[in-house]
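Each reported figure results from applying straightforward, stated rules to the coordinates on display, with no laboratory input. Computed from a predicted model, the values in this text were never measured in an experiment. Counting neighbours? That spans all protein chains shown, and the Cβs are built from the backbone with ideal geometry, glycine included.
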Amino acid sequence: MAGILRSIVQRPPSRLQIVTKGVESLICTDWIRQKFTKSRIPAKVFQPLPGDHEKYGGDPEHPHKLHIVTRIKSTKRRPYWEKDVIKMLGLEKAHTPQVHKNIPSVNAKLKVVKHLIRIKPLRLPQGLPAEEDMAHTCLKSTGELVVRWRLSPADHSTAGLSARAASD
């Protein structure tokens, strides 16, 4: 039986060949490798475009330090490796943002699932918050991390003077 299979598989890759052995079927896809190899893809596809930085709001000289990553598409009917990457990034729940570092190891994982996610830079308009202020921060949908300032109780004497001045 092995000799018969070997002779069928070694035919020239002119069309799709299906070899049936019992219940399982073997599909020969040698022609796919010849059709989609890197040598057939134009080199300009792999070159970075100068307009990419303006399109995505990035600056190549000063890249942002943190990404806001949000899963926008389902992982159903996706390969197991994409599901594993989504789980590693903590994006099991859709439309829930996660903050990740802008480092090559994380960027390689993001590249695998780039068609399932949305990536935005994290903007810090008030600067990097201190450790005690982290509980009072708010992440906006625009990608800004805003620190909610705590209001300190005002002096009653100054509050009373300003209230009297406003009523007069």
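Remark: spin-label model distance Glu92-Arg78 equals 1.5 nm, labels positioned 7 Å along the Cα→Cβ axis.
Sorting the segments 77-89, 131-143 by their mean number of nearby beta carbons within 10 angstrom, highest to lowest, gives 77-89, 131-143. For the listed residue pairs Lys93/Lys120; Lys44/Lys76; Lys44/Lys140; Lys44/Lys73; Lys44/Lys87, the alpha carbons are over 27 angstrom apart in Lys44/Lys76; Lys44/Lys140; Lys44/Lys73; Lys44/Lys87. A cut-off under 13 angstrom between Cβ atoms defines the neighbours of Leu66, and their net charge, with Lys, Arg +1 and Asp, Glu -1, is +3. Provide the net charge surrounding Glu144, with neighbours chosen by a C-beta distance below 14 Å and charges set as Lys +1, Arg +1, Asp -1, Glu -1. Net charge in that neighbourhood comes out at +4. Counting Lys and Arg as +1 and Asp and Glu as -1 over every other residue whose Cβ lies under 13 Å from the Cβ of Lys76, the net charge comes to +3.
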